[in-house]
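Working notes, structure below.
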Amino acid sequence: MMLEYALLAGAIFGLYFALAGLGLNLVFGVMRIVNLAHGDFMMLGAFSAFWLFRLIHLNPLFSALFVLALFALLGLPLYYLLVPPLLRAKDPEMLSFILFFGFSQAIEALAAIAFGPSERSLPGRLLGRGPIRILGQAFPAAWTWSGIASAAAVLAVYLYLYHSRLGYLTRAVMEDREEALATGIDVHFVSAIAFGLGLALAGIAGVFAPFMLGSATPSMGLGLTLQSFVVIVIGSLGNPLGTVLGGIIYGVSLMFMQTYFSSWASLLPYVLLILILLVRPSGLLGRQVRRA
Amino acid sequence: MKHSMQVLGGIAVLSLLAAAAPARAATKAPAEIKIGTLYASSGPFAGISMPVYDGLKLWINQQNAAGGVYVGAFHKKIPIKLISYDDLSSTATAATLYNQLITRDKVNLLLSDSGSVLTSPAVPIAKEHKQFLFDVSGSGAAFFTKDNPYIALICLAETAIAPKYLADFLNSDGAKYGLKRIAILYSTNDFTGALAKAFTGFIKSAGKLKIVYDHGVPTSTSSYTVLINTIAATHPDAVVEMGYPGNDIAFLRNLRDVGVKFPFLFTIYSGTEIAELEHAVGAAAMTNVFSYVAGVTYQYKVNFGPTTPGFRAAWDKAYPPGSGAEWGMNALYGYHTGLVLQRVLATTKSLRQLDLRKAIFALSGKLTTLNGTFVLNSEGAQVGEIDPVGQLRPNGKGGLRLDVVYPPRYANAKPIIGKK
């Protein structure tokens, strides 16, 4: 029973982690930069949902739509402000680490001043009362809704990438930025859309964070970035759909660790990161999907 | 001969004057009393650090508004200068900043940041520099040793004895309420890890309850659903969860959401930070949960400083709603620390570190503030008030109140066990 529960809980949690990592991977895939402030945008999404509920009693499902639009719009000017200068540098990847780390620290500090350091959360009843039974096991209703929302977001990204004109262009930029530029694609516009989408996905994941992670604090960003990073490394850096596999593997592993080796659970992200880098540095879906 | 005697006499007088000169210089009152401390504005310990810092600042502001703090060694009031740095919840940063407070800022009084984790780097540094450490709430038993005279714990009982009433309650009354099997879940940090170890020791030595689950989880744990399922599979009658506020919030939320109920449930911060937890998980999830009863809810008869309601009034005036300051046990700890420093400064013979030590040890057993009676053991650990055990009940206004259920001399209600 404990095994089945850990497996199912891990799958639901994995879907959430897939959503958490998806935006980070999209940004890396298109721009080859690592947004170390990704977790901080999740934190801002969580606080947006908290304040939207506190001030106007907005249900988190609607907050997610609001955050989606807001963060996507925020991403466009932010892209033009930060990313083109980075891409002109000799080593944009390394420089992005430094720049977005500083950005992350600034966001955390400002959030701590604005919201205070305490834990904030949303009532679980907002996403349904009582547990929901899945294959005979009881799970929080909020988890189930968060899992469904995550799956919907992943599906939307898939449809965007593989069944829309902008998605084709995005994949072209992911494949080879220089070549895409040479063929007349407005690389910066496509990248700006991807950057906005990445922030929007982080924001949506943040909206559900109080339900999946218990609460939100201004300092939660760095940990979330690390977890998201592990998820995308497992799946494959630069391959947004590999993130789903990475998320589920991470979620199931975490729940197994909590069940059988609870004291060691915090080591999991690092152990998985080291294992993947040693055994399959390109990630589990690295080769096949990038060339699909 | 007479001339020689005059010369010797002169030398003796000069020697005495020379000897007295440094003493006079040492007794010159400083322009300000420098209090050095750290706080964490962000990171995992911000929630317990900032209220302490705000409570301390409130006391300092009150003192300075009254012309300064009275320093007995100089028979006068001297303004306080607070020198504080943000350690961002990082022990590495804290270690550097503690060093800085001692060696560069040369603070008169050194206070540690809140909690055992951020106090841990201060203990060896203060000892090495022979600087007395006013340990606010770092209650890890390992901090207090016979070979270290440079530390005293101010606010809460050291971890080795802190869970005694909880264990006594379960050992003595547990069987009466049908509690036979107990599960213990704790966060693996210096504070809750040590508390759980002491608690498990009390339970094991009494031999009245069977421990069916005893596991630690990382303090960063934010999802307890699977853990709750694992615990439920061991069929415990009593569950004791020991974590920081974030852990308690996630645990209580997941417990309610997954629909699992235990006849007896204890968490540390349900009772000590009621407002914060109630905001986060709602009153329903906390009803009938057992917790510690700190001075923030229990009114001690004080012989120094304000009572809890008096302090609350001052707090609300200083930090109106929307200011971001969180009322709770840690706020009281910060203010109580100030009261202890006030008595230390009023009675110390000088600002020398070992004189400060003498002064604070002299207060042991004689000072009762809104945090209860201040008692130190010979190693500087706080052994005064052990927090009683309370149970959260609906207050009839949609919120919660905390009734004291154990020990009998403090109790104002009987425990309700088996209901949620």
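Side notes on the structure shown:
- Positions within segment A:233-245 being surrounded by 24 or more Cβ atoms within 10 Å (Cβ to Cβ) and either among the small types (Gly, Ala, Ser) or within 14 Å of another protein chain (Cβ to nearest Cβ) (or both), in sequence order: A:Gly235, A:Ser236, A:Gly242
- Subset of segment B:69-87 (residues that are buried (at least 17 other Cβ atoms within 10 Å of the Cβ) and of a type in the set (Gly, Ala, Ser)): B:Ala73, B:Ser84
- Listing of helices (runs of 4 or more DSSP H) fully contained in segment A:210-292 that carry 3 or more residues being modelled with pLDDT under 85 and not hydrophobic (A, V, I, L, M, F, W, C): A:286-290
- Scan of segment B:175-196 for residues that are touching a strand residue (DSSP E or B) at 6+ places or on another chain (Cβ under 7 Å) and not basic (Lys, Arg), ordered by number: B:Leu179, B:Ile182, B:Ala183, B:Ile184, B:Leu185, B:Tyr186, B:Ser187, B:Thr188, B:Thr192, B:Gly193, B:Leu195, B:Ala196
- Selection from segment A:83-96 of residues that are under 15 Å from A:Val187 (Cα atoms) and either surrounded by 12 or more Cβ atoms within 10 Å (Cβ to Cβ) or in contact with a helix residue (DSSP H, G or I) (Cβ under 9 Å, 6 or more places away or on another chain) (or both): A:Val83, A:Pro84, A:Pro85, A:Leu86, A:Leu87
- Count - residues of segment B:88-106 that are buried (at least 20 other Cβ atoms within 10 Å of the Cβ) and outside any helix (DSSP H, G or I): 2
- Taking the numbered list (1) of a type in the set (S, T, N, Q); (2) closer than 19 Å to B:Tyr333 by Cα; (3) out of contact with any helix residue (DSSP H, G or I) (no Cβ under 6 Å at 6 or more places or on another chain) in turn, B:Thr159 passes all entries but (3).
- Any hit, segment A:213-232, residues being without any contact (Cβ under 8 Å) to a residue 12 or more places away in the chain, surrounded by 20 or more Cβ atoms within 10 Å (Cβ to Cβ) and under 24 Å from A:Pro269 (Cα atoms): yes
- When the residues of segment B:197-231 are filtered to those that are in contact (Cβ under 8 Å) with a residue 40 or more places away in the chain and in contact with a strand residue (DSSP E or B) (Cβ under 6 Å, 6 or more places away or on another chain), the one that is nearest to B:Pro44 (Cα to Cα) is B:Thr219.
- Top-ranked residue in segment B:234-257 [being among the hydrophobic types (A, V, I, L, M, F, W, C) and touching a strand residue (DSSP E or B) at 6+ places or on another chain (Cβ under 9 Å); ranked as farthest from the other protein chains (Cβ to nearest Cβ)]: B:Ala238
- Residue match in segment B:149-168 (condition: of a type in the set (Phe, Trp, Tyr), in a loop (DSSP other than H, G, I, E, B) and in contact with a Lys or Arg (Cβ under 8 Å, 6 or more places away or on another chain)): yes
- Of the strands (runs of 3 or more DSSP E) lying entirely inside segment B:203-293, the ones with 2 or more residues being at pLDDT 95 or above, within 28 Å of the chain's Cα centre (by Cα) and buried (at least 24 other Cβ atoms within 10 Å of the Cβ) are found at B:238-242, B:264-267, B:290-292.
- Residue within segment A:12-20 that is buried (at least 18 other Cβ atoms within 10 Å of the Cβ), within 14 Å of chain B (Cβ to nearest Cβ) and under 11 Å from A:Gly198 (Cα atoms) present: yes
- Checked against (1) under 19 Å from the mean Cα position of the chain (by Cα); (2) buried (at least 21 other Cβ atoms within 10 Å of the Cβ), A:Leu285 meets all criteria but (2).
- The strands (runs of 3 or more DSSP E) found entirely in segment B:1-84 that carry 2 or more residues being more than 18 Å from B:Trp327 (Cα to Cα), modelled with pLDDT of 95 or more and under 18 Å from the mean Cα position of the chain (by Cα) are B:33-39.
The values are calculated or read from the model by the stated rules, or taken from the named source; none is laboratory data. Here the structure is a predicted model, which is why all the values come from computation and not from measurement. Cβ atoms come from the backbone with ideal geometry, glycine included; neighbour counts cover every protein chain shown.
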